[in-house]
Amino acid sequence: MATTLLKKKTVVNDPVEPAVTPPDLTTETTFLTKPKLVAKSKKRDIPEGLWDKCPKCKSLIYDKELDANLKVCIKCNHHFPIGARERIHSLVETCSFEEMDAQMESIDILKFTGVASYEAKLAANKKTSLLKDAVITGIGRIGHHRVALGVMDFSFLGGSMGSVVGEKLTRLIEAGTDRGIPVLIISTSGGARMYEGMFSLMQMAKTCGALAYHSRRRLPYISILTHPTYAGVIASFATVGDLILAEPGAMIGFAGPRVIKDTTQAELPPGFQTAEFLQEHGLIDAIVSRNEMKDRLMYYLDFMKVGGLATE
Amino acid sequence: MKYYLDFEKPIVELQRKLEDLRAHPETHSLGISVDEECRLVEAKIETLRRQIYSDLTSWQRIQLARHPKRPYVLDYLKSVFTEFTELHGDRLYSDDRAVVAGFAHLGTQRVLVLGTQKGRDTKENILRNFGSAHPEGYRKALRLMKLANKFGLPIITLIDTAGAYPGIGAEERHIGEAIAVNLREMMLLEVPVIATVIGEGGSGGALGLGVADRVLILENAYYSVISPEGCASILWKDSSAKAKAAAALRITARDLLELGLVDEIVSEPLGGAHNDPAAASLSIQKSLLRHLSEVQAWAPADRLQKRYAKFRAFGKVNEPAAAA
């Protein structure tokens with residue numbers, strides 16, 4: 001994405017944008033993945049091992065060591081971006097994950113004509129992310145708990161939610177309700193997908209509706225917020241968890257920081273919209289490091305027994 | 001000064017000509033009487049109005065939806081409803097004046113009505129925060145919707161907001177959660193819920209009051225996932241491409257009906273609701289009463305199931321495996 005920086009600059013003059021799709025996050029996070037790619041191409045001739053530089057503590061980390069630690073910096077606990085598949089592998093028991101709707105793909109409902117067509121965007125993102133869309137869903141086992149697990153991936157169109165993300169998650173939640181099992185959703189998203197217009201917005205109501213029925217059956221739902229989670233996803237399924245967890249340092253919010261700054265003309269408080277800020281303000285239950293996530297989820301699920309009280 | 005939009009200029013010019021002609025009959029030049037010439041101009045204005053207003057672009061409709069003279073929620077609360085009595089506050093933090101709510105009569109029925117309120121002037125806009133609600137606005141709405149649910153009152157929501165407020169306090173008090181909880185809880189309200197977008201339907205801020213058995217939209221209102229300006233600055237990297245973005249996003253009442261995302265378009269008087277608020281009010285009242293009686297006929301469990309199915313069906317995907 002060579003246009004990344006250009007985009008960043010021009011977005012600064014945005015008008016008031018209280019919408020669900022935040023403008024600047026795509027750019028920021030693609031940026032995060034960039035240094036790694038550069039490092040790789042530079043050191044291709046070195047046969048063994050590649051080095052990553054931690055953007056937070058600047059120390060060099062051996063690539064394989066970083067992977068083994070689930071892309072969390074060994075020195076400073078900085079959480080690097082991680083793909084949906086890697087995340088699933090880190091959580092579920094071997095061979096226990098049955099993916100749902102793996103073939104589902106987005107279609108250009110509106111015949112969206114922007115600077116680039118939606119179709120072209122989809123094709124390009126499929127190629128770079130090796131994904132069909134921005135979420136992977138399925139039923140798997142975490143410890144002895146069978147769960148309906150949905151994991152978003154920011155590398156596909158900024159994790160934006162269109163019909164596919166909404167439909168896959170809704171089917172996942174419905175499967176959770178039907179089977180009487182917990183739902184776990186790990187979010188990372190820039191918000192609703194503009195290219196599908198109002199269809200994207202309606203996915204917010206659709207997913208929350210499915211969760212309403214899941215909750216009515218006294219089934220647990222844990223929402224895990226990772227860097228970054230914003231806008232249409234924050235204003236829907238991601239914030240109605242029985243428990244809401246976040247990874248350290250994750251940026252989480254409804255409106256993007258730049259939009260808020262432009263609208264209010266106010267100085268943003270230090271650490272604004274970080275997971276730590278959210279915890280301090282009472283908006284999430286806990287901050288959990290990625291490499292402790294699985295153990296913690298198993299622990300929580302033990303407390304949130306399905307049908308703990310006789311169901312209606 | 002009369003406020004007019006750029007595309008209304010030809011009409012305004014003719015109207016000025018007509019006024020001049022009436023004020024100074026001696027200037028008339030045609031070989032007919034002044035009265036006759038006036039009538040000719042009047043007819044021309046009428047034709048032109050029909051021509052211009054019947055073929056508006058998406059962007060022109062958005063301009064009408066944001067028209068400073070357009071009736072707002074409080075105007076309709078006086079004209080569509082009777083005996084509106086406001087109820088305040090979320091019982092948690094404050095009374096968000098960007099959301100008004102209370103009991104009212106719609107025809108002979110007792111209902112709970114609520115909506116987002118914009119300000120008419122600077123002072124009122126500060127009070128109403130330009131119609132952009134904070135979390136407490138959504139929580140007030142939910143508190144009262146649950147009250148209505150408890151006592152079997154139908155709920156009417158009127159939506160007119162550019163969006164939920166993007167501010168520091170809004171984030172600190174979890175605006176996203178406030179909207180999300182509304183989406184979830186509105187799905188389970190057993191009483192009839194009718195939502196009407198009367199002006200701007202700005203994204204999540206609008207949807208937060210928009211989960212309903214019927215979703216109606218005024219002819220010149222819009223309902224969108226993102227403002228045209230926001231979309232333009234992201235995709236075109238130029239906020240002046242807003243007209244292009246407005247068309248691409250398909251956010252006008254007609255587009256949304258065509259896409260099956262709204263249930264009905266409520267017609268407005270020619271040139272927009274502000275040209276004849278009484279006519280617009282009557283039109284809204286008729287639609288609300290009709291839809292309400294239809295939805296009221298359903299059993300509560302039926303209503304819940306239908307509401308879920310309605311939102312469940314939104315979206316289109318491609319499934320190669322299923323097709324094979």
Q: Just name the residue that is most open to solvent (accessible area, probe 1.4 Å) out of those in segment A:92-108 that are more than 16 Å from A:Val183 (Cβ to Cβ) and within 11 Å of chain B (Cβ to nearest Cβ).
A: A:Gln103
**Q.** Single unsatisfied condition, B:Tyr93 versus (1) more than 14 Å from the chain's Cα centre (by Cα); (2) touching a residue at least 40 places away in the same chain (Cβ under 8 Å); (3) surrounded by fewer than 24 Cβ atoms within 10 Å (Cβ to Cβ); (4) more than 14 Å from every other protein chain (Cβ to nearest Cβ)
**A.** (4)
Q: Report, by residue number, each residue of segment B:186-204 that is more than 7 Å from chain A (Cβ to nearest Cβ) and not aliphatic (A, V, I, L, M).
A: B:Glu190, B:Pro192, B:Thr196, B:Gly199, B:Glu200, B:Gly201
Q) Which condition does A:Leu130 not pass, out of (1) modelled with pLDDT of 95 or more; (2) open to solvent by 20 Å² or more (accessible area, probe 1.4 Å); (3) in contact with a helix residue (DSSP H, G or I) (Cβ under 8 Å, 6 or more places away or on another chain), if it passes all the others? A) (3)
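For segment B:13-34, does any single residue satisfy the condition of being in contact (Cβ under 8 Å) with a residue 12 or more places away in the chain, within 31 Å of the chain's Cα centre (by Cα) and more than 18 Å from B:Asp276 (Cβ to Cβ)?
Yes - at least one qualifying residue is present in segment B:13-34.
Kindly indicate whether A:Gly197 is in contact with a helix residue (DSSP H, G or I) (Cβ under 7 Å, 6 or more places away or on another chain), among the small types (Gly, Ala, Ser), under 23 Å from A:Asp133 (Cβ atoms) and at pLDDT 95 or above. Explain how you work it out, then say what you get.
Values: in contact with a helix residue (DSSP H, G or I) (Cβ under 7 Å, 6 or more places away or on another chain): yes; among the small types (Gly, Ala, Ser): yes; under 23 Å from A:Asp133 (Cβ atoms): yes; at pLDDT 95 or above: yes.
In short, yes.
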Q) What helices (runs of 4 or more DSSP H), lying completely within segment A:217-312, carry at least 3 residues that are touching a strand residue (DSSP E or B) at 6+ places or on another chain (Cβ under 8 Å)? A) A:231-234, A:275-280, A:293-303
Q) Within the bounds of segment B:161-172, is there any residue that is open to solvent by 20 Å² or more (accessible area, probe 1.4 Å) and either of a type in the set (D, E, K, R) or outside the structural domain of B:His105 (by TED's automatic domain parsing) (or both)? A) yes
Q: Run down A:Pro257, A:Pro248, A:Pro269, A:Pro228 and say which single residue is away from every other protein chain (no Cβ under 12 Å), over 20 Å from A:Gly138 (Cα atoms) and open to solvent by 10 Å² or more (accessible area, probe 1.4 Å).
A: A:Pro248
Q. Restricting segment A:62-91 to residues that are in a loop (DSSP other than H, G, I, E, B) and of a type in the set (A, V, I, L, M), which is surrounded by the fewest Cβ atoms within 10 Å (Cβ to Cβ)?
A. A:Ile74
Q. Say we look at segment B:173-185 and pick out the residues that are at the interface with another protein chain (Cβ under 7 Å from one of its Cβ atoms) and open to solvent by less than 10 Å² (accessible area, probe 1.4 Å); which of these is farthest from B:Ala301 (Cα to Cα)?
A. B:Ile175
Q. Of these, B:Ser239, B:Ser267, which one is within 8 Å of another protein chain (Cβ to nearest Cβ), among the hydroxyl-bearing types (Ser, Thr, Tyr) and surrounded by fewer than 22 Cβ atoms within 10 Å (Cβ to Cβ)?
A. B:Ser239
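The values are calculated or read from the model by the stated rules, or taken from the named source; none is laboratory data. A quick note: this is a predicted structure, and the numbers were derived from the prediction, not measured. Glycine also receives a Cβ, built like all others from the backbone with ideal geometry; neighbour counts cover every protein chain displayed. Surface accessibility is based on the protein's heavy atoms, side chains included, excluding ligands, DNA and RNA. Shrake-Rupley method; radii C 1.70, N 1.55, O 1.52, S 1.80 Å.
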